Structure formats: C-alpha cells, structure tokens
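Remarks on the structure that follows.
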Amino acid sequence: MALAALAYYPLPNRPGTASNANNFVGSSRNSLDRDIRRRTLDHQASAADLVTARYYVNDSGTLNTGTYGIPEADPLGDRTDVRVQSILGAYTHIFSPTVVNEIRYTYLRRKFIDSRRGWTRIWQP
C-alpha cells in the first residue's frame with residue numbers, strides 16, 4: 001500500500017542540499033480560453049417608442065496543470081468550465097419631455113464547474 005502511494009509523490013528534479021532537502025521545484029502551466037459574444041437590437045418603432053434587446057454569452061475555461069506533474073495527486077491542478085449568459089429586454093415610451101416610462105427585464109444564468117482529476121479516481125468508487 002505504501003509503495004502504491006509513492007507513485008503520487010513527485011521525483012526529485014534538482015540536486016538539493018547536503019541533507020537532500022529542497023530537491024524538488026515545480027511550476028504549473030495555466031491557460032485561459034474565452035469567447036465572448038454579444039448581440040444587440042435597438043428599434044425605434046415611433047418617435048416615442050423604443051424597443052431594445054440584448055443577448056450576451058461568455059464561454060471560458062481554465063486549465064492548471066498543477067505543480068507536481070501528477071494530476072491525480074496535485075491539489076493545485078484543476079480545470080474549470082464557465083458559461084455566463086444574459087438576456088435583456090426593454091421598452092421605453094416617451095409621454096412628454098418630462099414623463100418617460102420604461103419596462104425592463106433581465107435574466108442572468110451562470111454555470112461554473114471546477115473539476116480535479118484526483119477526485120474521480122480516488123474518492124469515487
């Protein structure tokens with residue numbers, strides 16, 4: 001069992017000190033991918049009426065390889081999957097130069113999933 005656990009410890013990658021301390025240095029490689037799209041519609045139905053619609057979507061994700069190079073054992077290694085969507089609709093009516101009425105509706109939805117490779121292999125059957 002102990003020998004199997006050793007597979008999750010990184011091997012030394014530098015000489016270290018006389019007592020063999022400080023013999024591992026790691027760095028992670030991180031990436032961020034993002035696509036943002038936005039659509040807009042503004043329509044003036046008459047001199048007193050304006051209709052507005054907006055749609056926004058942000059798809060993004062990160063990948064952090066971790067420090068050790070062993071994704072199953074590295075607490076810093078993770079992957080995120082993010083999606084944010086927003087919809088807006090508005091209607092504006094001008095009754096007079098001093099009286100304006102606006103009706104507005106906004107809806108926002110957000111998905112954020114953070115996953116780590118070790119979770120599915122170690123903690124789940």
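The values are calculated or read from the model by the stated rules, or taken from the named source; none is laboratory data. These figures come from a predicted structure and were not determined experimentally. For neighbour counting, all protein chains shown are included, and Cβ atoms are generated from backbone atoms with ideal geometry for every residue, glycine included.
Please work out which one of (1) more than 21 Å from residue 108 (Cβ to Cβ); (2) more than 29 Å from the chain's Cα centre (by Cα) is the condition residue 70 fails and give its number.
Every condition holds for residue 70 apart from (2).
Among what's in region 64-93 and is of a type in the set (S, T, N, Q) and either free of Cβ contacts under 8 Å to residues at least 40 places away in the same chain or touching a Pro at 6+ places or on another chain (Cβ under 7 Å) (or both), pick the residue that is nearest to residue 112 (Cα to Cα).
Here the residue is 80.
Assuming residue 73 fulfils every condition listed in (1) among the aliphatic types (A, V, I, L, M); (2) at pLDDT below 95; (3) exposed (fewer than 11 other Cβ atoms within 10 Å of the Cβ) apart from one, which condition is it?
Here residue 73 meets the rest and fails (3).
Tally the residues that are modelled with pLDDT under 80 and surrounded by fewer than 10 Cβ atoms within 10 Å (Cβ to Cβ), restricting the search to region 3-13.
Counting residues in region 3-13 that are modelled with pLDDT under 80 and surrounded by fewer than 10 Cβ atoms within 10 Å (Cβ to Cβ) gives 3.
Consider residue 61 carefully, then state whether it is of a type outside the set (Phe, Trp, Tyr), surrounded by 15 or more Cβ atoms within 10 Å (Cβ to Cβ) and either over 30 Å from residue 41 (Cβ atoms) or touching a residue at least 60 places away in the same chain (Cβ under 8 Å) (or both).
No, not satisfied.
What is the one condition in (1) part of a strand (DSSP E or B); (2) free of Cβ contacts under 8 Å to residues at least 12 places away in the same chain; (3) not aromatic (Phe, Trp, Tyr) that residue 3 does not satisfy?
Checking residue 3 against (1) part of a strand (DSSP E or B); (2) free of Cβ contacts under 8 Å to residues at least 12 places away in the same chain; (3) not aromatic (Phe, Trp, Tyr), the one that fails is (1).
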